[in-house]
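So the structure is just underneath, and the comments pick up after that.
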Amino acid sequence: MMKNRHHISLAIMTVFFLIAGAHLCAQTKVGTTIGQFLKIEPGARNAALGSAGAAMYGEVISAYHNPASLGRLPDVQIQFTHSPWLADINYNYLIAGIPLSGMGTLMVQITSLNSGEIDVRTVEQPLGTGERYSVTNFSMGMGFGKMLTDRISMGVQINYLRETIWHSSASGFALNIGVQYQLADNGPILGAAIANFGPRTGYNGRDLFLNYDFDPDKYGDNDQLPAELRTDDFPLPTIFRAGISYPIRLGGNQKVIVAVDAAHPNDNTESISFGGEWNYGEFFSLRGGYRDMFLQDLEGGVVLGAGLQVGLSGYRLSFDYAWADYGILQQTQRFTLGFRF
C-alpha cells in the first residue's frame, strides 16, 4: 500500500513537470524576464559538469538545480561560493543544510550580486554627470527535502528576491520544486525540477518620478507637473530541467560520474548540458563538461574544474574550482569552499 502511494506521488509529480515543461517550451523570447542573476550556477562542482545537476546530490549546493537532492544529504553542510563574474561583477552565494533525524533536511541560502559603481551618463552628458550608481541583486530562501522511500526523494524551496538599480527596485517570490528517483542501489538517478516559478514583477522607485510639460509648445502653462513613469511587469526566468546521473565504479578508490540535463527555459531555446567527474577516493576530483548545447546564440560552452577534500578533526573541508568559457564575453571562475560535520 505504501509502495503504491509513493508510485502515485511520483506519477503526479511527473505529470506536473511535463505540463510545466510544455508550457515553457512555447516561450523562447530572449531578454523578456527579470531576475537574471537567478540563472547563475552557484556551485563550482556542478558548474564544472556543465551545470547538469538535476540528478546530482551529495552536497547541499546541489539544491540549486533540484531541491529533491536535500533528501539525500548525508550530513550537516555549509558551502560558500565566490565568483568574479562577467563585466567585473561580484557574485556570492552561501547555503547551509541540516538533516533532521527521521524528518528530512532543512536548507537556507543567501545570494548576492553587485556591479560596483558605474558612471551615470545621459544623452546630454555622454561623458558622465559626476554621479555614480550601482546594480545589486539579492535573494534569500528556505528549502526542505525528504526521502519518501529508499529511492524517491522530493524537495521544495521558496525564495525572496530583490533587484535594485540606483533608486529603483523590483522584488518578488519564486518557487523551486523537484523530484529524484534512483533506479537501483548504487545505480543511475533520474531527476526533474522546475525553478523560479512565481508571479510577474516590475520596477518602482523615485528614479521613475519626473516633471512633465503637457504641452511644450504652449507658453505660460505649468511645465513642472509631477508625473511618474509606469514600467511593465515581467516574468521570472522559469526553467524546467530533467536529467540523469550515472555512477561508474572503476575499481580501487576510483569512480566516474556522468551527468546529462535537458533544459526548457521560458526566455530562450531548449538546450542540453552534460559533464563528467573522475574521483580518486574522497580526496581529489577532476571535472569537465559542456553547457547549453543547442542554445540559440550560445557564447562558449566548455567548462573545466577540480576539487579537493581533506579531513580535519572529525570535520571535512572541501574546495572546488570551475572555469567556464563565455566566448566573446571571455571567461568566469567559481571558487566554492565547504564544511561538513
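The values are calculated or read from the model by the stated rules, or taken from the named source; none is laboratory data. Since this is a predicted model, take the numbers as computed values, not measurements. Quick reminder, even Gly has a Cβ in these numbers, built from the backbone with ideal geometry, and neighbours come from all protein chains shown.
Find the strands (runs of 3 or more DSSP E) located wholly in segment 203-277 whose residues include 2 or more that are surrounded by 15 or more Cβ atoms within 10 Å (Cβ to Cβ) and at pLDDT below 85, and list them. Break it down into steps so the answer makes sense when it comes.
On the way: elements: 209-212, 225-228, 239-251, 254-265.
Here the list is empty.
For segment 63-85, give me each residue that is in contact with a Gly (Cβ under 6 Å, 6 or more places away or on another chain) and within 22 Å of L175 (Cα to Cα).
A63, H65, N66, P67, A68, L70, G71, L73, Q79
Exactly one condition in (1) more than 27 Å from N66 (Cα to Cα); (2) in contact with a His (Cβ under 7 Å, 6 or more places away or on another chain) is false for Y133; which is it?
Unmet condition: (2).
Out of all the residues in segment 66-76, is one or more at pLDDT 95 or above, in a loop (DSSP other than H, G, I, E, B) and within 13 Å of R291 (Cβ to Cβ)?
no
I'm trying to understand the selection: among the residues of segment 327-340, which are more than 16 Å from Y91 (Cα to Cα), touching a strand residue (DSSP E or B) at 6+ places or on another chain (Cβ under 8 Å) and of a type outside the set (K, R)? Walk me through how you get there before you give the answer.
Filtering segment 327-340 down to residues more than 16 Å from Y91 (Cα to Cα) leaves 327-330, 338-340.
Pick out the ones that are also touching a strand residue (DSSP E or B) at 6+ places or on another chain (Cβ under 8 Å) and you get 338-340.
Across segment 327-340, the qualifying residues are G338, F339.
If the requirement is being touching a Ser or Thr at 6+ places or on another chain (Cβ under 7 Å) and of a type in the set (D, E, K, R), which of these qualifies: E277, E299? Spell out how you get there, then give the answer.
Details: E299 fails: touching a Ser or Thr at 6+ places or on another chain (Cβ under 7 Å).
Testing whether each residue is touching a Ser or Thr at 6+ places or on another chain (Cβ under 7 Å) and of a type in the set (D, E, K, R) leaves just E277.
Give segment 35-84 a look and list any residue that's small (G, A, S) and within 11 Å of T336 (Cβ to Cβ), or say none.
So the first thing to find is which residues in segment 35-84 are small (G, A, S), and the list is 35, 43-44, 47-48, 50-55, 58, 62-63, 68-69, 71, 83.
Scanning segment 35-84 gives G43, A44, A47, A48, S83.
Can you name every residue in segment 80-92 that is surrounded by 16 or more Cβ atoms within 10 Å (Cβ to Cβ), modelled with pLDDT of 95 or more and out of contact with any Lys or Arg (no Cβ under 9 Å at 6 or more places or on another chain)?
Once the filter is applied, which keeps residues that are surrounded by 16 or more Cβ atoms within 10 Å (Cβ to Cβ), modelled with pLDDT of 95 or more and out of contact with any Lys or Arg (no Cβ under 9 Å at 6 or more places or on another chain), segment 80-92 yields only F80.
Yes/no per residue for (1) modelled with pLDDT of 90 or more; (2) part of a helix (DSSP H, G or I):
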residue	(1), (2)
S9	no, yes
V15	no, yes
A20	no, yes
I34	yes, no
L38	yes, yes
E41	yes, no
A47	yes, yes
S51	yes, no
A55	yes, no
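Any chance segment 242-261 includes a residue that's closer than 19 Å to V30 by Cβ, within 20 Å of the chain's Cα centre (by Cα) and of a type outside the set (V, I, T)?
Here is the first cut: in segment 242-261, the ones closer than 19 Å to V30 by Cβ are none.
Taking every residue of segment 242-261 in turn, none turns out to be closer than 19 Å to V30 by Cβ, within 20 Å of the chain's Cα centre (by Cα) and of a type outside the set (V, I, T).
Can you list residue pairs whose Cβ atoms sit under 9 Å apart, with the first residue in segment 137-166 being under 28 Å from Y181 (Cβ atoms) and the second being assigned to a loop (DSSP other than H, G, I, E, B) and of a type in the set (D, E, K, R)? Count only pairs 6 or more apart in sequence or on different chains.
Close Cβ pairs satisfying both conditions: D150/D185; R151/D185.
Are there any pairs, at least 6 apart or on different chains, whose C-beta atoms fall under 7 Å, with the first in segment 174-192 and aromatic (F, W, Y) and the second outside any strand (DSSP E or B) and surrounded by fewer than 22 Cβ atoms within 10 Å (Cβ to Cβ), and if so, which?
Y181/L10; Y181/R151
Restricting attention to segment 266-285, which residues are without any contact (Cβ under 8 Å) to a residue 60 or more places away in the chain and either closer than 25 Å to L329 by Cα or under 18 Å from the mean Cα position of the chain (by Cα) (or both)? Step through it out loud before you land on a result.
Restricting attention to segment 266-285, the residues satisfying the condition of being without any contact (Cβ under 8 Å) to a residue 60 or more places away in the chain are 271-272, 278-284.
Listed by number, the residues that qualify are S271, I272.
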